[in-house]
Amino acid sequence: MAIQAGLGLIQDSGPMDTTTFNKLRSMIYDRCGITLRDTKRTMLSARIRKRLRDLSLSSFADYLDFLVNEAQEDEWVELINVVSTNVTAFFREPHHFEELLKAVDQWVRAGQKRLRIWSAASSSGQEPYTLAIVIRRALNLAGHNEVDAKILATDISTKMLSICKVGQYPTEAIKPIPVEERNRYFKLDRSTGMQQVSPDLRRMITFARLNLTEAPYAMKGPMDAIFCRNVMIYFDNHVRSKIIDQVLRLLKPGGLFMIGHAESIQGPQLKQFTRIGASMYRRK
Ligand SMILES: C[S@@+](CC[C@H](N)C(=O)[O-])C[C@H]1O[C@@H](n2cnc3c(N)ncnc32)[C@H](O)[C@@H]1O
C-alpha cells in the first residue's frame, strides 16, 4: 500500500525486504560498527520511513540508492542517529563520578598538575559537563585551582556535538546537579527558556568528532580517566575489543575506565584492569 510522502508517495508501508535490510545493516556496520540483529528490521523500517518522508523518497530501495550514490556525510549522521540512541543525563550512574572525585582528589594532593579526561561518546554533552563539574569540585576541595584540567568530548554525531557546544539544557534536565553547582554553572537564558552552561565550564572541554570504530585514534594520551559508557552495547565483540585496545593505549596505569551498566570487558583484555566496582575499572 502506498502512503503519502512529503512530495510524493511512499510505496513501502511495511517493513523493508530482506535484501534491502541486509545491505543497509552491512553498510551501517562498516560505517559505525553498529550491529543490527534480525529483530531490528521493523524498528529500522519505521525510523527510515521518516527519512523517506523528509527526503521525499518513495521506497527503501530508493533510500539505499541515495545512500550509496548521493548522500553526503550529513545523511550518515542522520542514519546513525536513527539506529543509535542519544539518551543521556547529568550525573548518570552517579557512582562513577564519586569514584572520579576520590581519584582526582588523590592525584592532585599527590602533586599532579595535569588532568586529562575523555568522554568517548558524549552525546548531547551531559556527561562531559558533569565531568567538568566534578573536576572543579575535586580541585576546590583539594584547594588546587592551578591544575591544568581538560576534558575531551567526542561523538560520531555532529548533530550531538553541536548541542554540546551550545550547552543549553531544559531546567528539568539539570535537576540531578546539586543546587549549589546548578546556580554556579548555569544561567537561565530568558530568550530560549533554557539553562545556559557557564563559559568557564565550557572552556574546560574540547569537542571533536570521533568514530570509535576507526582505530587508531588521533590522540596521544596519556588520559587519567576514560568514560566510554552506553555505546559499546551497540557493537559486536570484534569492535569492542578494538576500542578497548585503544583505551589501553591511551589510559595511564592507575587510570579509571568507566563503562555502561549493561557493558563488560571480556577475554585477555580484562587482565589489564582491576575491577573496582560496578562497571568501573582501574588500569593496572
Ligand atoms: C546512549 S548515548 C551515550 C551517552 C553517554 N555516554 C551516556 O552514557 O550517557 C550513545 C552515543 O554513542 C554515539 N555513537 C554511536 N556510534 C558511535 C561510534 N561509532 N563512534 C562514536 N560515537 C558513537 C551516539 O551518537 C550517541 O551519542
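Could you please tell me which pairs satisfy a Cβ distance under 9 Å, a separation of 6+ or placement on different chains, a first residue in region 90-103 that is under 10 Å from PRO176 (Cβ atoms), and a second residue that is acidic (Asp, Glu) and part of a helix (DSSP H, G or I)?
PHE90/GLU127; ARG92/GLU127
When you scan region 200-236, how many residues do you find that are under 17 Å from ARG283 (Cβ atoms), modelled with pLDDT of 95 or more and in a loop (DSSP other than H, G, I, E, B)?
Matching residues across region 200-236 total 4.
Can you name every one of the helices (runs of 4 or more DSSP H) wholly within region 37-103 that holds 1 or more residues which are away from the ligand (no atom under 15 Å from the Cβ) and at pLDDT 90 or above?
41-55, 60-69
Anything in region 125-145 that is touching a helix residue (DSSP H, G or I) at 6+ places or on another chain (Cβ under 8 Å) and either more than 18 Å from MET258 (Cβ to Cβ) or of a type in the set (A, V, I, L, M, F, W, C) (or both)? List them, or say none. It would help to see each step written out before you state the result.
Our first condition is that a residue be touching a helix residue (DSSP H, G or I) at 6+ places or on another chain (Cβ under 8 Å); within region 125-145, this holds for 125-126, 128-139, 141-142, 144-145.
Across region 125-145, the qualifying residues are LEU131, ALA132, ILE133, VAL134, ILE135, ARG136, ALA138, LEU139, LEU141, ALA142, HIS144, ASN145.
Assuming ILE177 fulfils every condition listed in (1) assigned to a loop (DSSP other than H, G, I, E, B); (2) surrounded by fewer than 19 Cβ atoms within 10 Å (Cβ to Cβ); (3) away from the ligand (no atom under 13 Å from the Cβ) apart from one, which condition is it?
Of everything listed in (1) assigned to a loop (DSSP other than H, G, I, E, B); (2) surrounded by fewer than 19 Cβ atoms within 10 Å (Cβ to Cβ); (3) away from the ligand (no atom under 13 Å from the Cβ), ILE177 misses just condition (2).
So ASP148 fits all but one of (1) within 22 Å of HIS261 (Cα to Cα); (2) away from the ligand (no atom under 16 Å from the Cβ); (3) among the charged types (D, E, K, R); what number is the exception?
Only one criterion in (1) within 22 Å of HIS261 (Cα to Cα); (2) away from the ligand (no atom under 16 Å from the Cβ); (3) among the charged types (D, E, K, R) is unmet by ASP148, namely (1).
Let me confirm something: among ILE34, ILE28, which residue is modelled with pLDDT under 90, within 16 Å of the ligand (Cβ to nearest atom), touching a strand residue (DSSP E or B) at 6+ places or on another chain (Cβ under 8 Å) and on the phi < 0 side of the Ramachandran plot? Explain how you work it out, then say what you get.
Numbers: ILE28 fails: modelled with pLDDT under 90.
Within the list ILE34, ILE28, the selection yields ILE34.
All but one of (1) within 15 Å of the ligand (Cβ to nearest atom); (2) in contact with a strand residue (DSSP E or B) (Cβ under 9 Å, 6 or more places away or on another chain) hold for MET160, so report the exception by its number.
Status for MET160: all satisfied but (2).
Count, please, the residues in region 128-154 that happen to be in contact with a strand residue (DSSP E or B) (Cβ under 7 Å, 6 or more places away or on another chain) and closer than 30 Å to ASN81 by Cα.
Of the residues in region 128-154, 10 are in contact with a strand residue (DSSP E or B) (Cβ under 7 Å, 6 or more places away or on another chain) and closer than 30 Å to ASN81 by Cα.
Which of the following residues is touching a Gly at 6+ places or on another chain (Cβ under 8 Å), over 19 Å from ALA121 (Cβ atoms) and surrounded by fewer than 16 Cβ atoms within 10 Å (Cβ to Cβ): PRO199, PRO222, PRO268?
Step by step, each of PRO199, PRO222, PRO268 is checked, and only PRO222 is touching a Gly at 6+ places or on another chain (Cβ under 8 Å), over 19 Å from ALA121 (Cβ atoms) and surrounded by fewer than 16 Cβ atoms within 10 Å (Cβ to Cβ).
Return the residue satisfying two criteria in turn: it lies in region 46-90 and is under 22 Å from THR19 (Cα atoms) and of a type in the set (Phe, Trp, Tyr), and of such residues it is surrounded by the fewest Cβ atoms within 10 Å (Cβ to Cβ).
PHE66
The values are calculated or read from the model by the stated rules, or taken from the named source; none is laboratory data. Everything numeric here is computed off the predicted structure, so don't read it as measured data. When we count neighbours, we look across all protein chains shown, and the Cβ atoms used for this are built from the backbone with ideal geometry, even at glycine.
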